[in-house]
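The values are calculated or read from the model by the stated rules, or taken from the named source; none is laboratory data. Remember, it's a predicted structure, so these values are computed and weren't measured experimentally. No Cβ is skipped: glycine too gets one built from the backbone with ideal geometry, and neighbour counts run over all protein chains shown.
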Amino acid sequence: MSRIGKKPIAIPSGVEVKVAGPTVSIKGPLGKLDWSLAQGVAVAVENGHVLVSRSSDDRRVRALHGLVRAELNNMIHGVTKGYERSLEITGVGYKAALQGKTMSFNVGYINPVNYQVPTGIDVKIDKQTLINVKGIDKRLVGQVAANLRAIKPPDVYKQKGVRYMGETLRKKEGKTGK
């Protein structure tokens, strides 16, 4: 039995969990999220807790058991508190700007790089070098932050680029002449 999958998830006040066939809907103060269940996994709401169970001990169903429980827990956390990732831009002349839902990056390329922010994500830019990505969907927040970092990954020689806040890089030594 999955140790993660058999743990009940407590439903905080102000959160509604509805199970309608293969779809679980979670509604909270920050928004609403849906998750479609795979075959072999069932979800029940009892006594203020969400319980995840599986129908068989098939390898695929066992793997999905813990996954579904973790995803539902992340969704409940997302609709109550939300998720946030911070990035910083380092480098001389490197900066970002936000016009509506389009971000523009000047990070050492000839032309600025534009990025369209998906719906459900709030982006704030402080001092042109600090980026804050917020949302209720953990996967989407992480993916947007990864996409922004991929525009100009940090360089290990000069330490320039877009990196996660608090990310440490080991600076490599360049070529040494004789």
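Listed by first and then second residue, the pairs linking a residue in region 53-82 that is touching a residue at least 40 places away in the same chain (Cβ under 8 Å) and buried (at least 16 other Cβ atoms within 10 Å of the Cβ) to a residue that is part of a helix (DSSP H, G or I) and among the basic types (Lys, Arg), with Cβ atoms under 7 Å apart and 6 or more places separating them unless they lie on different chains, are ARG54/ARG62; ASN74/LYS138; GLY78/LYS138. Annotation note: of SER104, SER86, SER53, the sole residue that is among the hydroxyl-bearing types (Ser, Thr, Tyr), assigned to a strand (DSSP E or B) and more than 28 Å from GLY166 (Cβ to Cβ) is SER53. Every condition in (1) over 30 Å from VAL17 (Cα atoms); (2) modelled with pLDDT of 90 or more; (3) assigned to a loop (DSSP other than H, G, I, E, B) is met by ILE125 except one, and the failing one is (3).
Out of ILE89, ILE121, ILE131, which single residue is under 30 Å from SER13 (Cα atoms), surrounded by 14 or more Cβ atoms within 10 Å (Cβ to Cβ), out of contact with any Phe, Trp or Tyr (no Cβ under 7 Å at 6 or more places or on another chain) and of a type outside the set (Lys, Arg)?
ILE121
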